[in-house]
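Participant: I am attaching a structure below and will ask some questions about it afterwards.
Bear in mind that the values in this text are calculations on the coordinates, not laboratory data. Because the structure is predicted, anything quoted here is derived from the model rather than measured. Virtual Cβ from ideal backbone geometry, glycine too; neighbours counted across all protein chains shown.
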Amino acid sequence: MRRRRWSVGTWTAYAIALVATVISLFPLYWLFVISTKTPREAFETPPQFIYIPDFSKYFEVWNSAGFADAYINSIQVVLLGVGLTLLVATPAAYAIIRFKVRGVRYLRFWLLLAYTTPEFLFVIPMYVLYQQLGVYDTVAGLAVIYQVFAIPFAVWLIQSFLGEVPKELGDSARVDGCSELQTLLKVYLPLAAPGLAATAILVGINMWNEVTIALSLTFDEARTVQIAVAGYRGYAAIRWQEMTAAAVMAVVPMIIFAGIAQRYIVKGLTFGAVK
Amino acid sequence: MTLRARTRLRRGDRGSRFLVPAVVILGLTSIYPTLYSIYMSFFDWNWGLRFNFVGLANYVELATSERFRTALWNTIVFTVSAVSVEFVLGLGLALVMTRVRVGQGMLRTLLLVPLMVSGIIVSVIWKVMLDPTLGVLSYGLQLLGLPRLGFLGDPAMAMGTIVLLDTWWQTAFVFIVLSAAVQALPVEPFEAAEMDGANSWQRFRFLTLPLLKPAILVVLMFRTVDCLKVFAIIYGTTGGGPLTTTESVQILAYRQAFKALDMSGSMTTMVVFSAFALLVLAFYQRLLPSEGEAT
């Protein structure tokens with residue numbers, strides 16, 4: 001009796017988990033399907049699930065209207081932005097976990113505030129400032145403003161990873177004559193390297209996927225891949241295959257990254273949220 | 001002052017040097033623009049030569065603006081609906097997954113995939129799926145004998161559809177955080193409760209929920225502030241329409257600044273709305289256990 005109830009429960013759990021997985025993945029599969037079907041095939045009823053994929057639009061999109069440029073811009077923004085984030089957030093996280101700095105409470109609240117504040121409060125003043133400084137529509141300008149959400153997120157993650165390093169290791173390095181900076185670089189960083197890599201990947205995914213700020217602070221030269229994809233959506237009714245092909249190209253690298261770092265992503269997301 | 005206190009102080013001072021880069025960059029990217037926005041909200045500026053001090057006129061105008069009230073209401077409706085639905089589904093899924101033994105890790109990873117997609121891609125995906133005449137979902141509804149629905153183009157359905165998009169996109173965040181919290185639950189209280197004859201609803205109500213409370217509050221806080229900021233999935237689908245049925249505050253601010261060139265009006269909107277978001281954040285902060293108690 002008991003055993004039977006248990007197995008019914010498990011069976012239901014599997015069914016629910018499976019349905020949830022299908023709901024999560026089917027829309028992405030369908031995006032791919034539409035991108036590889038000619039318009040006539042795409043809207044056949046009933047839809048064909050077995051067909052010969054047509055990748056021609058991928059080449060067409062890549063070679064047209066600056067899509068490749070936007071793609072390269074996004075790669076540059078992510079590399080520059082993530083580099084800056086790690087450089088700035090790592091020492092900050094180290095200071096928070098290792099020293100009793102006065103006012104850390106306020107710093108924590110500031111991080112939360114910076115992360116919470118809706119983008120347009122920052123974007124319009126930065127639009128004005130960037131126009132004056134001549135960094136409007138540049139990759140560097142975008143990488144700098146992205147720090148407003150990247151630094152809080154990275155500090156939360158990195159402090160939890162650095163916090164896993166036993167404090168005694170740092171203390172003994174200090175006794176051996178290392179400066180605090182050397183202790184961070186030689187003791188903490190090697191041990192927290194996987195965590196830093198996970199942080200880099202998560203911050204990178206956030207930057208790659210960012211829309212609101214990129215829309216407002218770029219125009220043409222520094223247009224990111226998301227804005228390029230958004231550019232196709234105006235013609236949705238006519239150019240579905242191009243639009244979906246562009247979307248697939250923008251999303252595939254993120255799914256690959258997520259796959260590579262999946263173990264740390266789960267850890268990173270939970271740490272970032274819980275701490 | 002004891003020697004120890006003095007060394008601690010010195011260590012503290014050295015430590016603050018490590019914070020300088022973060023403080024400088026955060027100052028530039030958050031404090032500076034916030035002060036600038038507040039300053040500009042007392043002027044009338046159209047991104048051109050018109051630049052007059054108007055005192056509180058922008059605020060008076062905002063207070064009487066029906067458009068702003070609609071946008072604020074839309075944002076609140078969206079946030080409350082999306083956060084509730086995502087919370088219930090995410091928590092349910094986290095609890096269900098504890099029963100799944102074989103393949104749990106793989107299913108968990110696959111469930112995370114929507115989180116790796118940008119708001120624009122979410123828009124593209126669902127525009128394609130929900131197209132009233134050509135979309136696969138419309139076709140599915142037809143097979144079930146249901147009428148064709150307008151989804152994003154129907155004023156009565158548009159907001160619900162945006163909530164649906166966000167649910168597909170972000171439920172995994174609730175799921176993954178609560179899933180970790182569920183796995184960290186202690187076993188003993190549950191065994192004791194079962195011995196005492198507590199049924200599964202009682203165990204959920206009086207053990208699981210209270211024990212998960214800190215994690216639940218954190219998840220709700222992050223989802224709430226993210227939802228208040230909603231922009232990309234609306235910009236990418238309806239653009240705020242039909243009429244203004246899906247116009248969120250950030251969409252309104254975008255239109256004010258970049259379509260109507262009412263820069264100071266847009267900044268006033270954002271100053272007021274950010275103050276509102278700050279209040280919501282403060283509310284969650286009060287509910288959360290303070291630093292000392294948190295584990």
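Participant: Treat the count of other C-beta atoms within 10 Å as a stand-in for reagent exposure and order A:THR45, A:THR116 from fewest to most.
Facilitator: A:THR45, A:THR116
Participant: Find how many whole Å separate the alpha carbon centroid of the stretch A:141-204 from the alpha carbon centroid of the stretch B:117-137.
Facilitator: The stretch B:117-137 and the stretch A:141-204 have Cα centres separated by 40 Å.
Participant: Let me ask another. Classify the stretch A:4-74 from the C-alpha gyration tensor, please: rounded if a/c falls under 1.5, else prolate or oblate depending on whether a/b exceeds b/c.
Facilitator: Here the stretch A:4-74 falls in the oblate category.
Participant: With each pseudo-label sitting 7 Å past Cα toward Cβ, what's the A:ALA193-A:LYS100 distance in nm, one decimal?
Facilitator: Distance between label points: 3.5 nm.
Participant: Provide the FRET efficiency to the nearest 0.05 for the A:PHE59-A:ILE256 pair, computing r from the beta carbons and using R0 = 25 Å.
Facilitator: Between A:PHE59 and A:ILE256 the formula returns 0.80.
Participant: Which of these, B:ARG223, B:ARG17, B:ARG99, has the largest mean-square fluctuation under a Gaussian network model of chain B (Cα springs below 10 Å)?
Facilitator: Among B:ARG223, B:ARG17, B:ARG99, the largest GNM mean-square fluctuation belongs to B:ARG17.
Participant: Among A:LEU121, A:ALA93, A:LEU215, whose Cα sits farthest toward the positive end of the charge dipole of the protein assembly as shown (+1 at Cβ of Lys/Arg, -1 at Cβ of Asp/Glu, about the Cα centre)?
Facilitator: In the protein assembly as shown, that residue is A:ALA93.
Participant: At 0.36 nm per residue, and after removing the present C-alpha to C-alpha distance, how many nm does the segment from B:THR133 to B:VAL20 gain when stretched out fully?
Facilitator: Value of the extension gain: 35.0 nm.
Participant: Can I ask one more? Given springs between every Cα pair under 10 Å in a Gaussian network model of chain B, which of B:TYR284, B:TYR59, B:TYR139 has the largest fluctuation?
Facilitator: Highest fluctuation of the listed residues: B:TYR139.
Participant: Looking at B:GLY197, B:TYR284, B:LEU111, which one has the Cα that reaches farthest to the positive end of the dipole of the protein assembly as shown (charges on Cβ: Lys, Arg +1; Asp, Glu -1)?
Facilitator: Result: B:GLY197.
Participant: Between A:VAL22 and B:ALA275, what is the FRET efficiency for a Förster distance of 56 Å, r being their Cβ-Cβ separation, to the nearest 0.05?
Facilitator: Efficiency, rounded to the nearest 0.05: 0.85.
Participant: For a Förster distance of 60 Å, can you work out the FRET efficiency between the beta-carbons of B:LYS259 and A:GLU168, rounded to the nearest 0.05?
Facilitator: 0.50
Participant: Hey, got the average number of other protein chain Cβ atoms within 10 angstrom for residues in A:100-110?
Facilitator: Mean partner shielding for this stretch: 4.
Participant: Let me know the mean shielding of A:28-34 by other chains, meaning the per-residue number of their Cβ atoms within 10 Å of its Cβ.
Facilitator: 4
Participant: Per residue and in Å³, how big is the convex hull formed by the alpha-carbon atoms of the protein assembly as shown?
Facilitator: 191 Å³
Participant: Among the complete DSSP H segments of chain A, which ones combine at least 27 Å of alpha-carbon extent along their axis with a mean Kyte-Doolittle hydropathy of -1.0 or more?
Facilitator: Correct list, ordered by number: A:2-35, A:67-98, A:189-209, A:240-260.
Participant: Compare the Cα positions of B:ILE234, B:ILE125, B:ALA260 along the charge dipole of the stretch B:66-287 (+1 at Cβ of Lys, Arg; -1 at Cβ of Asp, Glu; about the Cα centre) and return the one farthest towards the positive end.
Facilitator: The listed residue farthest towards the positive side: B:ALA260.
Participant: Mind telling me which of A:ILE96, A:ILE151, A:ILE256 comes out most flexible in a GNM of chain A, alpha-carbon contacts under 10 Å?
Facilitator: Of the options given, A:ILE256 has the highest mean-square fluctuation.
Participant: Is there a simple number for the mean count of other chain Cβ atoms within 10 Å of the Cβ of residues in A:15-26, and what is it?
Facilitator: The per-residue average across the peptide is 6.
Participant: Stokes-Einstein at 10 °C, 1.306 mPa s, Kirkwood radius from Cα pairs: D for the stretch B:66-287 in µm² s⁻¹?
Facilitator: Translational D for this selection: 81 µm²/s.
Participant: Return the calculated 222 nm mean residue ellipticity for the protein assembly as shown, to the nearest 500 deg cm²/dmol, obtained by summing -39500 (n - 2.57) across DSSP H runs with n ≥ 4 and dividing by the residue count.
Facilitator: Only helices count here, giving -23000 deg cm²/dmol.
Participant: Another question, then. With Rg and the Kirkwood Rh both taken from Cα atoms, where does Rg over Rh land for the stretch A:57-274?
Facilitator: 1.04
Participant: Work out the length of the dipole vector of the stretch A:2-54 about its Cα centre, built from +1 on the beta-carbon of each Lys and Arg and -1 on the beta-carbon of each Asp and Glu, and round it to the nearest 20 debye.
Facilitator: 680 debye
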